[in-house]
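One structure is given here, and the rest of the page talks about it.
Quick note: the coordinates plus some simple rules give every number you see, no bench work behind them. Just so it is clear, the structure is predicted and the values come from calculations on it, not from any experiment. Note: ideal-geometry Cβ built from the backbone for every residue, glycine included; neighbour counts use all protein chains shown.
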Amino acid sequence: MVDPIEQEIVIGKPVPVQRFTWILVVAWTLLMAGLSFDETRTIRQVTLEMASGEIRAYFSKDRALRIWGASHGGVYVPVDSRTPPSPYLSHVPERDVTTASGRRLTLMNPAYMLRQISEDFSSLYGVVARITSLHPLRPENAPDGWERKTLEEFETHRREEKLELTEVGGVPHLRLMQPVFVAEDCLACHAHQGYSIGDIRGGISIGLPMTEPFRLQQKQIVSHLIRSGVIWLVGLLGILAGGKILRNRMEERKEAEEALRASRNRLAQKTAELAEVNSALTQEVAERKKAEAEILVSEEKFRTVADFTYDWEYWIDPVGEYIYVSPSVERITGYSPAEFRERPNLGMEIIHPDHQPQMKNHLLRAMDDRRVCMMEFRIISRAGKERWIAHTCQPVFNAAGEFLGRRASNRDITGRKWTEKVLNKYAVELAHSNRDLQDFAYMASHDLREPLVLIQAFSERLRGRYAEVIPERGLEYLKRIETATTRMQELISGMLTYSRVTTKARPFEDVDLQKVVLGVLSDLELRIKESGAEVQVEELCRLKADPLQMRQLFQNLIANALKYCRPDLPPRVRISCERLLVAEGDGSTEFCRLVVADNGIGFELEDAEQIFGLFQRLHSRGQYEGTGIGLAVCKRIVERHGGSISAESAPGAGSKFIVSLPLDGPVLDEALEQASEPGRQRSCCPPPAAV
């Protein structure tokens, strides 16, 4: 095994200190040059920004003065040689006035005021301002070259201002100019020139000499360059000195490496011995930690699951001692886990006397029986209440096949037992109700029909033998008797059909709804041709159902669509289908959604529930024939198949009947299955008393 120290020494390469030193010198020089360039640019930018702020301040002062003068229509001042009456304002009424004391005054407009202030006081702050225009009243206000170009740009491009560094008479100036727009106050002096409000009259120009700012700027730049040069020189000397020190250290390191190489054999031997011992120790420690971690994780998982389970869990070892009892035992039995560990026979003591013989017989089974056992029994809790327990247990073996005892789970099913009892009662009552319904159906098909047959027969005999002697009103009464008899027979047949949905139902089988609908259309072929109807059938699904009742369902729905049609429009019926996945409880059920839509007379939406009631009609018998039982039969059929039926409609807009049926047929409730098998036996296993 190679010594790490030796490996480091062998791999190490001489460091080119001198080359790195010169690289640092070049980098330091470039850095200082870049910083100096950036600082110089910043100084110039700051100088220009300060000059811009100063000239804007002067400009704002002059503009405020001009606006103030214009808002007052000018200012009257005494006439003297310095301020004679302006010949350019001769058209202005009251240009010259005389005071009550005889003092003569003349009107000064804003341009006149600004010019005189600039001429008299510009020497105080070194800034020259003037108002100029492309069409000046006074020739002296004519623009220079830069001002003319700027005014033309204002009129052409509608710029708000222009700030530019130029030379005036060989002296650098920062010049600012903004346009002057004609306002209502300006028309008093300039209306005769043809200006309108909003036109550009001219501009206010102001120039700031930059000689002194540039001198200060140059002074700052030179000062900065001197400081930067000193810093660069100090850094350069530091880099060179550091390079020399580093070269000396590299020499010392080289000598140390030579000393280390001299002892590499001894270090290599000791390192190999230590590595071998360390490897064995590391492997042993890793295996122990892994085993301890697995034990801790397994125990933590078991405790977490068992302590928080809702059922009463326990684990007994092969000799019958409790390894674990879950806290839920106290909620179910009223006794704590510690009491069960202290009293091993407590499990048998709390079992109801009726079930103790069964438990004792079961205890004879071997403890290591590998079968999973289930049983139900009653216990008496600490509070004296009876509780039903569903007990499940199974043997526990380790990976080597060694028997570790039994793991059991006890669930409180008292509520379920009460529900089973109630369901059994309801099942008996339902059976009695079905038998009563069958008896009624038999009576309706035989006893009730017999008088109607006699009434109908004697009515036909009266009409056949005595029609000539019976007056016309008597024949009308006879006709009403026959009509009522026929309607009563139809009602009896409808009620019989309604009752047979459940009493004469056939077992469910795989049904192709496509074939069922085609068979119904074949039966209704004559009515379809007579009404000129068009029936469109899309691809329908297969499901578990009673085929005859499916045929009856579609027979009623399609017949209604043909019957309740609009007189001015041939019937149009469309039958469609789609599959839906509906979430129910912990799972989901696949449904077949059938839609029978027509273009008939429709009905009010609030009647959508009423039409499925028995003998419910929305129209009189004079308008449409029928008994009001057809849709009630449809609803009963759909409910028997575990589905639902609803309707959507509006007057004159047709109707849509929506039927949803489970593809695999109705799911029987588990409690009902248990109620139907009260004698079902379960396998059993040792209860807690087995300890």
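Could you please report the charge total around HIS173, scoring K, R as +1 and D, E as -1 over all other residues with beta-carbon less than 14 angstrom from its beta-carbon? Cβ neighbours under 14 Å give a net charge of -3.
Which entries in the list LYS425/LYS635; LYS563/LYS656; LYS529/LYS563; LYS360/LYS421 go over 18 Å, if you measure between the two C-alpha atoms of each?
Details: LYS425/LYS635 26 Å; LYS563/LYS656 14 Å; LYS529/LYS563 13 Å; LYS360/LYS421 27 Å.
Those over the limit are LYS425/LYS635; LYS360/LYS421.
Straight-distance candidates among the lysines for linking to LYS254, with alpha-carbon spacing under 19 Å and chain neighbours fewer than 8 residues away dropped: LYS13, LYS244.
Which net charge results for the neighbourhood of GLN283, defined as the other residues with beta-carbon distances under 12 angstrom from its beta-carbon, given Lys and Arg at +1 and Asp and Glu at -1?
Result for the neighbourhood of GLN283: 0.
FRET efficiency for the GLU472 to THR419 pair, using the beta carbon distance and R₀ = 56 Å, is estimated at 0.25. Around the amide H of GLY665, modelled in the peptide plane, lie the amide H atoms of LYS544, all under 5 Å away and 5 or more residues distant in sequence or on another chain.
Cross-link candidates for LYS162: which lysines have Cα within less than 17 Å, leaving aside residues fewer than 8 places away along the same chain? Here the lysines satisfying the reach criterion relative to LYS162 are LYS149.
LEU233 label point, 7 Å along Cα→Cβ, cut-off 20 Å on backbone N: hits in the stretch 28-44? The answer is 28-37. Taking label positions 7 Å along the Cα-Cβ direction at both TRP22 and VAL97, the computed distance is 8.9 nm, reported to one decimal.
Simple spin-label estimate for VAL372 and LYS385 gives 3.0 nm between the two label positions (7 Å along the Cα-to-Cβ direction from each Cα).
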